[in-house]
Every structure is written in C-alpha cells, then in structure tokens.
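Notes to accompany the following structure.
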Amino acid sequence: MGRFLAIRLLQMPLILAVIYLATFLLVWVAPGDPFARTDRKADPIVMEARKREMHADHWWRFLLYYPRRMFVGDFGPSFSYDMNVATIIDEALPVSASLGLFALTIALWVGTTVGTLAAVRRNGVFDWMSLSISLIGVSVPSFVSAAVLFAAFSVHWHLFAIGRWGSISDMVLPGIALSLAPMAYIARLTRASMIEVLSSDYIRTAVAKGLSRGPVIWKHGLRNAFLPVLSYLGPAAADTMTGSFVVEKVFNIPGLGTHFVNSVLNRDQTLILGTVMVYSIMLLSLNLLVDVGYAFIDPRIDITAKAAA
Amino acid sequence: MYRLLVIPAVILLLLAGAMFWSGGPAQKKADFTFISTDEVHTLDTQRMSWMNDFRVAYGLWEGLYRLDPQTLVAIPGTANPIDVSADKTVYTFHIRPDAKWSNGDPVVAADFIFAWRRLLEEPGEYTYLFHYIVGAKAYEDDFDKALKAFTDDSDPDHKTDHFAKADFSKVGIKELDRLTVRVTLEHPVLPFPDIVAMPPFFPMNEKAMKPFLDDKAFHDSHEHVRRYKKEFTHPPNLVTEGPYQLESWAYKRRLRMRANPNYYDRDHVVSKVVDMIFAKDEQWAYADFTSGGADWLPDVAGEIAGELYARHDPQAHIFPVFGTYFYSFNCQPKFNDGSPNPFADKRVRQALSMAIDKRVITDTVVRSGQIPTTTYIPPNSFKGYKTPAGLPYDIPRAQKLMAEAGYPRGAGFPHVHLLFNDDPPHAEVGETIRRQWRDALGIDVELESIEAVTFANRERNHDYAISRASWYGDYLDPSTFTDKYKPDSENNESGWINTQYADLCQKADIEIDPQKRLDYYAQAEALLLDEAPIIPIYVYTECYVMRKNVFGLPLNVRSMMVFSSVGVRH
C-alpha cells in the first residue's frame with residue numbers, strides 16, 4: 001500500500017508537467033493577443049512594453065519565469081485583470097467546491113437510494129420511473145435544467161431569493177441543477193451493479209441463513225454494488241467542484257467554471273494555466289483518493305496488484 | 001455498512017470545510033446599488049480603457065478638470081482656477097488647497113507629475129493623448145529604448161545607466177510650486193480640458209504605492225524603472241482623491257465604494273455607500289433588479305432591451321449615445337492572400353453602402369430605439385457642426401455603380417466574407433444585409449462568425465474583406481472619431497489612406513477658432529463618407545433600467561455619470 005502510494009505520488013509531478021506543457025503549447029499557438037483590447041488598439045510600443053513587463057514577449061521567457069513559481073503557489077498575474085491568478089483561484093475555488101460537494105452529496109444519496117430501490121423492485125413501476133427519470137437527468141443539459149429551475153423557483157414562485165452568493169439557500173437550486181446528471185448516472189450504475197450483486201451466491205447464502213431483507217440489501221449488497229459508483233466519484237467530484245460554467249452563469253455564482261471559459265476567451269494565458277493546473281491536481285488527487293477508498297471499502301481488493309506485476 | 005457511510009461523511013466534512021473557506025458574512029445593503037455585466041478590469045487609472053473601469057474611476061478620482069454630468073462641459077475639478085493662455089497652448093492648473101487624498105495627504109502638483117510621467121514610462125492605451133504635450137512623445141520613445149536596452153542588458157551589476165538619454169525635463173509638464181502645475185502643448189487642442197478630465201490624467205499617490213514598488217528593477221535601473229505590483233490597486237492599499245474611496249473588491253462579485261471623508265466637496269456626496277454587483281448573465285441581472293436587489297442596471301442590451309423598448313417600460317430609459325455601429329471595408333489593393341480586392345474600388349464600396357436599407361435593421365433586428373444613420377459621427381452631437389449627408393439608400397444608383405465597376409448584376413464578383421465576432425446581434429444584422437445585397441446587387445457574401453479576440457487579431461492584420469465595427473467617442477469632440485481614420489492611426493483597420501483627409505484633420509486639430517475647426521472636421525467626415533471605407537449603419541442607444549426613486553443619474557450621450565450626485569429617495 002505504502003509503495004503504491006509512493007509510486008502514484010511520484011507520478012503526479014510528471015503528469016502535471018506534461019499537462020502544463022501541452023496546455024502551454026495550445027495557449028501559445030492560439031490566434032489572438034492576450035494584451036490587445038478588442039476595440040481600442042494600442043501603439044505597438046505599448047503592447048511590447050506590456051508583454052515585457054509580464055514576461056510574455058517570448059515563449060521561452062514565459063517558460064523560464066512562470067513554471068518554477070508554481071511550486072510556491074504563485075501562478076503569476078492575470079493578463080486581463082489586475083489580479084493575481086492565485087487570488088482569483090483562492091476566491092473562486094471554495095465557492096465551486098462548496099457547490100460541487102453539495103451537488104455531489106445530493107447526487108450520491110438520492111442516486112444510490114433510487115438505484116438500489118430500482119434494482120430491488122426490478123421491472124416494477126418504481127424501476128421504470130427511476131429509469132425514465134434518470135434518462136432525463138442524463139440527457140437534459142444543465143443549461144436547460146438550470147434555467148428552468150431559476151425561472152420557476154426564483155423568478156416565478158419566489159421560493160428562493162435571487163441572492164448574492166453566501167448562504168445555504170443560495171446553494172439549493174444550483175446544487176440541484178448541478179446534481180441531476182451525476183445523480184442519474186449514479187442511479188443507473190447502482191441499479192446495474194446491484195442487480196448483479198443480488199443474484200450472486202453470497203447474497204443467496206445470506207438470505208438462506210435467515211437474514212432479513214433490509215440488512216441483506218443495504219449492508220451486504222450495497223457494499224459491493226457501490227464499487228463502480230466509487231470509481232465514478234473521483235471524476236464526478238472534480239467535474240462538479242470545478243463547476244459548470246452554465247450553472248454558474250445562470251445563478252450568477254462567482255465560481256471557477258466562469259474563469260475556465262473566460263480565461264480562454266481572453267487568451268489570459270496565466271489564468272488558463274492556473275485553472276488547468278488546479279483542475280488537474282484535483283482530478284489526480286481525487287482519483288488517488290478513490291483508489292484508496294476502494295481498498296478501504298473492500299479490503300480484498302489489492303490495488304497494488306497491477307503495480308506489482 | 002459503517003465503512004460505507006464513511007464516504008458521504010468525508011464528502012460532508014469537505015463541504016463544511018469549503019463553505020467555511022468561501023464564507024464571509026453578508027453585508028448590509030448599500031445606499032445605491034447597481035449591477036454591472038462587466039467586471040472592473042483594473043483600478044490602475046493608467047491601464048484603463050474599458051467603459052466600466054472608467055465609470056468606477058469617476059467615483060474614486062477627480063481630474064484637474066471634471067465633466068458636468070448634465071451638460072458634459074469640462075469645469076474646474078481638483079484645480080481651481082485654471083489659467084489658459086490666449087493661444088490655448090499653455091494650461092496652468094492651481095490645485096485647490098483643500099483637495100485631499102483619502103489617507104489625508106494634501107493633493108499636490110507632484111502627484112500629477114508623478115502619474116503623468118509614469119504613463120509615459122509605462123505607456124497604456126491612452127498614452128497617445130499625452131502626445132499633444134511638448135516633448136512627451138520623444139520622452140516616451142527614449143524611455144522605451146532605454147528600457148529595452150536595460151532588459152536585454154547582460155551585465156549582472158547593471159553598471160551602465162541606459163536611461164541617461166531620456167530626459168523628463170524636456171517635457172512640457174512643470175511644477176511651478178507645490179500646488180501649481182503647468183502643461184505646454186505642441187499646438188492648440190480645443191478639447192484638451194475634456195481630455196484632462198479623463199482617467200489617464202488622474203493623479204496618483206506615490207507614498208501609498210511605494211510599498212509595492214519592484215525594488216530590484218528600481219535599483220538595477222539606477223532608480224529609473226518604477227514598476228508597481230498590482231496590489232496597490234486593491235483595498236485597503238488604494239488611495240484616491242475623489243468623492244469615494246475603495247472599501248472592498250471581491251473579484252467578480254462586488255465592489256464597494258464609501259464616501260471619502262477627506263474629499264473637498266464631501267457635503268454634496270449624496271449616497272455614502274455605493275455597491276457594484278457583478279453579474280455576467282443579463283437575465284440574472286434583470287431578475288435581480290426586478291426582485292429589488294439593485295437600484296440601477298446600466299448597459300442593458302439585446303432581447304431584454306428590445307422587450308422593454310417595445311412595451312415602453314416606465315423603468316427603462318433608452319437614449320442615443322455617442323457611438324456608431326458600422327461595417328468596414330478592407331481598402332487595400334490586394335487581399336493578404338494576394339488576390340485582387342474589389343473594395344479597393346471606391347464605386348464598389350459606395351454601391352454596397354447604398355444598397356442597404358438600414359431602417360429594416362433598426363426596426364426588425366436590434367429593435368431598441370437605435371437610429372439608422374448615413375454618417376460616421378452621430379448627428380447632432382455638437383452645436384455648430386454641419387453634419388454631412390452621407391450616402392443615401394438608392395438601389396438604382398448602387399446597381400449603376402456596380403455595373404461601372406465591372407460587376408453588372410453582380411456578375412464576376414469574387415467570393416468574399418463578411419467577418420464579425422460571434423456576439424449578438426452581429427449574425428442577424430449580417431444575415432439581413434447579406435439578403436439585401438443579394439436582392440439589390442446580385443452578389444452573395446459569405447458570413448463568417450469568429451470569436452472576439454481572434455476577430456480583433458484578424459482585423460488588426462487586415463485579414464478580412466468586410467468586417468463589423470463600431471466606435472464610441474472618448475470625449476465630446478469630432479476628433480475622437482476622425483482620429484480613427486488618420487493614415488497612421490492604430491485603429492484604422494480599413495487600410496484606407498487618404499492624404500486630403502489627413503490634411504483636413506491636421507488643419508482642424510490645430511485650429512483655435514471653434515467654428516472653423518468644426519467646419520474642417522465636417523469636411524473631413526464628408527470626404528470619408530464619400531470615399532466610403534465604412535458603411536455607417538446605426539447610432540447606438542444605451543438602455544438604463546432604474547427604479548423610479550433614483551435621482552441625480554444623468555442620461556447623456558456618453559452615458560457618463562458621477563456617483564456623488566446619485567441617490568435613492570425613500
């Protein structure tokens with residue numbers, strides 16, 4: 001286990017370096033100038049001076065200056081706003097993380113419950129309902145669900161105030177909008193794997209030795225049926241936490257998703273690299289966490305097997 | 001079972017942690033709250049060029065001149081009195097003795113000189129406005145050369161002083177005494193007072209910026225390179241001398257200004273606390289306004305503005321502004337790929353211009369009171385300015401011109417693109433005009449929609465045939481429009497170069513008789529319209545939505561306002 005962790009942790013900087021270079025390359029060849037305004041055009045002297053100041057006049061100067069600073073959490077200044085990228089991320093990431101984790105909590109509880117119940121009452125009315133609802137959840141894009149929720153509950157019925165970000169109630173509608181897709185996916189994953197688990201020998205044994213239905217399903221069954229969900233949780237968490245641009249826009253949430261999109265539109269090279277790196281670090285750590293979680297839930301699973309081979 | 005519960009428990013724990021991290025108690029509502037769909041890009045007045053940055057700057061600072069928000073006439077601001085020489089080339093500003101910074105320091109001549117010098121040493125989009133000042137351009141160039149030599153210097157000890165050649169004492173900006181600053185211009189510039197009222201001419205407090213100075217560059221350059229970390233513009237570091245000071249600035253959330261207790265005219269500051277709420281999404285912004293979250297929602301556009309205009313909403317105020325929406329032709333003899341450019345021929349440009357029925361666009365596409373126009377400078381902007389007629393909507397004449405140019409009924413016309421950035425309403429406008437050209441002239445242009453930054457890049461490189469364009473005046477004078485099409489202008493994307501036009505502009509620029517000056521500009525505009533490097537389409541409108549109890553918010557053509565006069569009646 002320790003060896004496995006060490007290898008994975010050693011791999012991380014390498015993977016991050018590759019991601020950094022690939023992103024840098026794409027950003028640098030993209031047409032358009034991060035320092036140019038789209039309507040007022042500045043004197044070439046101005047543009048050149050600004051680039052020099054930001055260490056962005058040559059690609060090599062950029063690479064010599066910025067990457068090594070990242071080790072101490074300094075992503076440099078944003079090219080289009082007078083803010084440090086670290087400050088922007090520091091303000092936006094917790095917002096996205098709260099919202100994302102809130103959405104994930106909803107998705108996990110509701111998704112697992114619905115999935116399990118559907119598996120138990122397979123082909124029943126509940127199963128069909130849950131299937132159709134999760135189909136809608138998977139296929140309706142968040143810009144539709146978010147806009148509908150906003151229009152219905154905030155604008156029309158005034159059930160939720162159109163608030164400034166800050167209180168729990170501001171999180172409910174965007175949280176639901178953001179949770180629909182992972183919720184539906186989790187429900188379907190749980191259902192599928194639960195059906196498989198329920199027909200396995202050890203469940204039959206448990207039933208045969210006289211255990212009641214509840215513990216068989218929720219204790220013995222779910223523990224194994226949950227494993228595929230667990231492996232989905234890593235990317236799902238990273239997805240919901242770095243935010244959905246659309247949900248953030250509709251509910252005016254100052255999260256990280258907005259910066260992902262806008263930094264690219266502005267060719268804000270430092271901000272693009274900053275957000276991409278933060279996202280990558282989160283994704284890698286969460287995947288690692290999921291692997292460790294695997295072993296924790298089912299000690300029989302040997303996550304080092306592959307590494308040892 | 002319990003093991004399984006650990007996972008949601010961990011997630012809930014993380015959630016609690018994240019919420020704690022992002023938290024911050026909700027603050028009390030401000031006296032006046034407005035929503036901006038654009039964030040403040042910078043509070044460094046010398047780096048500003050966005051409208052919303054300017055708007056906030058007029059709350060935090062005040063120039064030597066300031067604009068009367070009702071009439072937009074430049075009146076004495078931080079300086080009073082101001083002496084202007086008879087030939088209008090020497091301005092002597094006497095700073096008010098009671099003018100104070102938000103930290104209590106008196107405002108002195110050195111604060112202006114420090115700021116102006118910095119703008120020449122670290123130029124920005126508006127440095128060109130300083131080129132009217134004697135020796136300013138030369139100093140900017142010399143300093144830039146020195147800076148380049150300094151940056152490329154391989155000597156680790158930086159023994160050479162590269163900056164010896166850049167001599168600020170040759171620039172026509174002089175401190176006569178502690179409270180007096182004198183500016184000498186190269187030639188008379190009648191709108192100079194309006195220009196001095198703009199943010200690039202605001203003072204800066206060097207003392208407050210000092211902790212953010214890049215000491216190494218300063219020391220290595222023999223105390224010439226003054227670079228400041230951006231933190232000097234963030235609260236609580238930013239020191240300003242206008243009606244307000246910056247209280248807090250949560251990026252992409254809210255910016256709060258509080259009345260500056262040291263401002264000389266503090267008794268006339270109506271709202272003590274002003275909030276700017278950032279909202280990227282217009283629908284959200286409008287919903288928040290209607291639910292009572294804000295008192296004022298400026299810059300409403302698109303669907304919402306159209307709807308408000310159609311139903312004469314009493315809270316909506318729609319008025320024409322000092323800006324024009326137009327199409328621009330690439331007028332170079334050949335396109336970048338070497339193929340011949342039909343728009344090098346003036347007749348083709350005129351024909352395309354005359355074949356557009358602009359009323360269709362204002363009435364059915366943009367729909368919020370925009371005014372169809374045949375002129376570049378919005379008509380009726382200045383008293384005494386004889387607005388030229390421009391090219392009329394005249395299909396038979398357009399067809400005749402096309403035939404003369406060798407494209408009868410569009411025959412043989414090359415395949416060209418109409419380029420625009422992928423924001424509303426450009427695609428719809430383009431589609432309408434494309435149809436009109438096809439019906440009237442028999443030519444079919446292809447619409448090409450690209451993302452805004454790439455668009456700007458292509459425009460700069462003259463990599464287009466016809467492109468969508470617009471221009472807003474920076475100050476209330478024809479020159480802010482005519483400057484754009486001078487042959488050496490950075491903003492002349494058309495490649496249209498006309499020496500007669502340049503001469504007329506030059507004559508006007510240095511003329512001190514106001515009427516003669518306007519006449520020269522009118523002749524220049526008439527020439528531009530006849531040559532048709534551009535097709536004026538409509539005059540922009542601004543749409544403000546505000547509560548009935550808001551007062552002191554002027555509706556002027558530059559949508560320029562000062563927050564100090566604005567309040568909410570209870």
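Bear in mind that the values in this text are calculations on the coordinates, not laboratory data. Model, not experiment: these values are computed from the prediction. Cβ placement follows ideal geometry from the backbone for every residue including glycine, while neighbour counts extend to all protein chains displayed.
Brief remarks follow.
- Summarising the label geometry, the points placed 7 Å from Cα in the beta-carbon direction at A:Ala152 and B:Glu446 lie 4.4 nm from one another.
- Full extension of the chain segment joining A:Leu10 with A:His55 gains 13.2 nm, where the gain is 0.36 nm per residue of separation less the Cα-Cα distance.
- Principal semi-axes of the equivalent ellipsoid, √(5λ) from the alpha carbon gyration tensor of the protein assembly as shown, are 54, 34, 28 Å from largest down.
- When each of the peptides A:173-186, B:487-500 is scored by the mean number of other C-beta atoms lying within 10 Å of its residues, the order from highest to lowest reads A:173-186, B:487-500.
- Chain B: relative contact order in percent, alpha carbon pairs under 8 Å with at least 6 residues between: 18
- If you look at the Cα atoms of segment B:163-322, you get an Rg and a Dmax of 21.8, 65 Å.
- Of all DSSP beta bridges confined to the protein assembly as shown, the antiparallel ones make up roughly 80%.
- Neighbouring Cβ atoms from other chains, within 10 Å of the Cβ of residues in B:290-296, number 2 on average.
- Theoretical FRET efficiency, 1/(1+(r/R0)^6), r = Cβ-Cβ of B:Arg438 and B:His222, R0 56 Å, to 0.05: 0.30
- Spacing of the two label points (7 Å from each Cα toward its C-beta) at A:Leu25 and B:Lys159, in nm: 4.4
- On Cα atoms only, tilt of A:44-53 relative to the major axis of chain A in degrees: 60
- Positive-end residue, chain A charge dipole about Cα centroid, Cβ charges, pick of A:Phe79, A:Leu178, A:Phe251: A:Leu178
- Cross-link reach is defined here as a Cα-Cα straight distance under 28 Å, omitting same-chain residues fewer than 8 places apart; for A:Lys209 the lysines meeting it are A:Lys219.
- For B:Leu179, the amide hydrogen comes within under 5 Å of the amide hydrogens of B:Ala109, counting only partners 5 or more places away or on other chains and with H modelled in the peptide plane.
- Length gained on full extension, B:His312 to B:Asp337: 4.0 nm, using 0.36 nm per residue less the C-alpha separation.
- Given B:Lys100/B:Lys165; B:Lys137/B:Lys229; B:Lys252/B:Lys486; A:Lys51/B:Lys88, the pairs whose alpha carbons are separated by over 32 Å: B:Lys100/B:Lys165; B:Lys252/B:Lys486; A:Lys51/B:Lys88
- For B:Lys170, the aspartates and glutamates whose Cα comes closer than 20 Å to its Cα, not counting residues fewer than 8 places off in the same chain, are B:Asp111, B:Glu121, B:Glu122, B:Glu140, B:Asp141, B:Asp142, B:Asp144, B:Asp161, B:Glu186, B:Glu223.
- Ordering B:Ala74, B:Ser36, B:Ile11 by Cα displacement along the dipole of segment B:1-107 toward the positive end leaves B:Ile11 in first place; charges were set at the Cβ atoms of Lys, Arg (+1) and Asp, Glu (-1).
- Each Cα pair under 8 Å and six or more residues apart adds its separation to the average, and for segment A:207-309 the resulting relative contact order is 28 percent.
- Descending by average beta-carbon neighbour count within 10 Å, the peptides B:284-297, B:225-238 line up as B:284-297, B:225-238, the highest first.
- Shielding of A:88-96 by partner chains, average beta-carbon count, 10 Å: 4
- For the protein assembly as shown, the mean residue ellipticity at 222 nm estimated from helices alone is -14000 deg cm²/dmol, where every DSSP H run of n ≥ 4 contributes -39500 (n - 2.57) and the total is divided by all residues, rounded to the nearest 500.
- Put a dot 7 Å past the Cα of A:Ile195, heading toward its Cβ, do the same for B:Gln506, and the two dots end up 8.4 nm apart.
- Shielding by partners for peptide B:268-279, expressed as the average number of C-beta atoms from other protein chains within 10 Å of each residue's C-beta, is 1.
- Backbone amide hydrogens, once placed in the peptide plane, bring B:Leu67 within less than 5 Å of B:Ile75, excluding anything fewer than 5 places away on its chain.
- Under the Karplus curve 6.51 cos²θ - 1.76 cosθ + 1.60, θ = phi - 60°, whole-Hz ³J(HN,Hα) for segment B:171-187, x wherever Gly or Pro sits: 7, x, 10, 10, 8, 7, 8, 3, 10, 10, 10, 10, 10, 10, 9, 5, 8
- The string of couplings for segment A:220-229 from the Karplus curve (6.51, -1.76, 1.60, θ = phi - 60°) is 7, x, 4, 4, 7, 5, 7, 4, x, 5 Hz, one whole number per residue in order, with x for Gly and Pro.
- Of the DSSP H helices in chain B, those whose Cα atoms cover at least 15 Å axially and whose Kyte score averages 1.6 or more: B:2-22
- Computed FRET value (nearest 0.05) for B:Val6 with B:Leu555, which takes r as the C-beta separation and R₀ as 60 Å: 0.45
- Peptides A:46-52, A:220-226, A:283-289 ranked from most to least packed by the mean count of surrounding Cβ atoms within 10 Å: A:220-226, A:46-52, A:283-289.
- In percent, rounded to a whole number, the relative contact order of segment B:140-196 is 23, using alpha-carbon pairs under 8 Å and six or more apart.
- The calculated FRET efficiency for B:Asp105 paired with B:Ser489, based on their beta-carbon distance and R0 = 56 Å, is about 0.90.
- Each residue of segment A:96-108 was assigned a 3J(HN,Hα) from its phi angle through the Karplus expression (A = 6.51, B = -1.76, C = 1.60, θ = phi - 60°), giving 5, 5, 4, 4, x, 5, 4, 4, 5, 4, 4, 4, 5 Hz with x at Gly and Pro.
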